[in-house]
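**Student:** Dumping the structure here so I can ask a few things about it.
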Amino acid sequence: QVQLVESGGGLVQPGGSLRLSCTASGNINSISIMGWYRQAPGKQRELVATLNAGAMTNYADSVKGRFTISRTNSDRNTVFLQMNSLKPDDTAVYYCNAYLSADRRDLQYYWGQGTQVIVSS
């Protein structure tokens, strides 16, 4: 059974930084894309950043230049989201997402349980 476990959320003042991490576990064969989405109260879930198997990244315009998605070569099942210069508008539940193959099945999407980020003074 595939699980995505996030960590690193919390309360931070405007202008501060946080680093989120997400680890995919289970009988994983391959990961095509891992990424982060967020959902603020009363709003739809939106893409924040993605990182594909070829190390190409994609960012929402609202976070470009402030957020960085990355992974380490030693553990390709873990992805990080470094968030700098945080703004109150970044307040949301952040969800990890992965498009992967497990148990020799076709690629499909999986979601983490979410981690809360609050940017407030």
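**Student:** Within segment 94-106, track down each residue that is surrounded by 14 or more Cβ atoms within 10 Å (Cβ to Cβ) and out of contact with any Ser or Thr (no Cβ under 7 Å at 6 or more places or on another chain).
**Tutor:** Tyr95, Cys96, Asn97, Ala98, Ala102
**Student:** Condition first: open to solvent by less than 10 Å² (accessible area, probe 1.4 Å), outside any strand (DSSP E or B) and out of contact with any Ser or Thr (no Cβ under 8 Å at 6 or more places or on another chain). Now tell me which residues in segment 76-93 satisfy that.
**Tutor:** Answer for segment 76-93, where residues must be open to solvent by less than 10 Å² (accessible area, probe 1.4 Å), outside any strand (DSSP E or B) and out of contact with any Ser or Thr (no Cβ under 8 Å at 6 or more places or on another chain): just Asp90.
**Student:** Could you tell me whether any residue of segment 36-51 is open to solvent by less than 40 Å² (accessible area, probe 1.4 Å), among the aromatic types (Phe, Trp, Tyr) and within 19 Å of Gln113 (Cβ to Cβ)?
**Tutor:** Yes, because at least one residue in segment 36-51 is open to solvent by less than 40 Å² (accessible area, probe 1.4 Å), among the aromatic types (Phe, Trp, Tyr) and within 19 Å of Gln113 (Cβ to Cβ).
For (1) touching a strand residue (DSSP E or B) at 6+ places or on another chain (Cβ under 6 Å); (2) among the aromatic types (Phe, Trp, Tyr); (3) open to solvent by 50 Å² or more (accessible area, probe 1.4 Å); (4) modelled with pLDDT under 95, each residue gets a yes or a no:
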| residue | (1), (2), (3), (4) |
| --- | --- |
| Ala55 | no, no, yes, yes |
| Ser62 | no, no, yes, no |
| Arg66 | no, no, no, no |
| Ser70 | yes, no, no, no |
| Ser74 | no, no, yes, yes |
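**Student:** On to the next question. I'm checking my understanding of the structure. Among residues of segment 1-12 that are closer than 18 Å to Thr115 by Cβ and open to solvent by 60 Å² or more (accessible area, probe 1.4 Å), which one is nearest to the chain's Cα centre (by Cα)?
**Tutor:** Val5
The values are calculated or read from the model by the stated rules, or taken from the named source; none is laboratory data. Note that the structure is predicted; figures quoted are calculated from it, not measured. Cβ sites come from the backbone with ideal geometry, for glycine too, and all protein chains shown count toward neighbours. All accessible areas refer to the heavy atoms of the entire protein, side chains included, with ligands and DNA or RNA removed. Shrake-Rupley method; radii C 1.70, N 1.55, O 1.52, S 1.80 Å.
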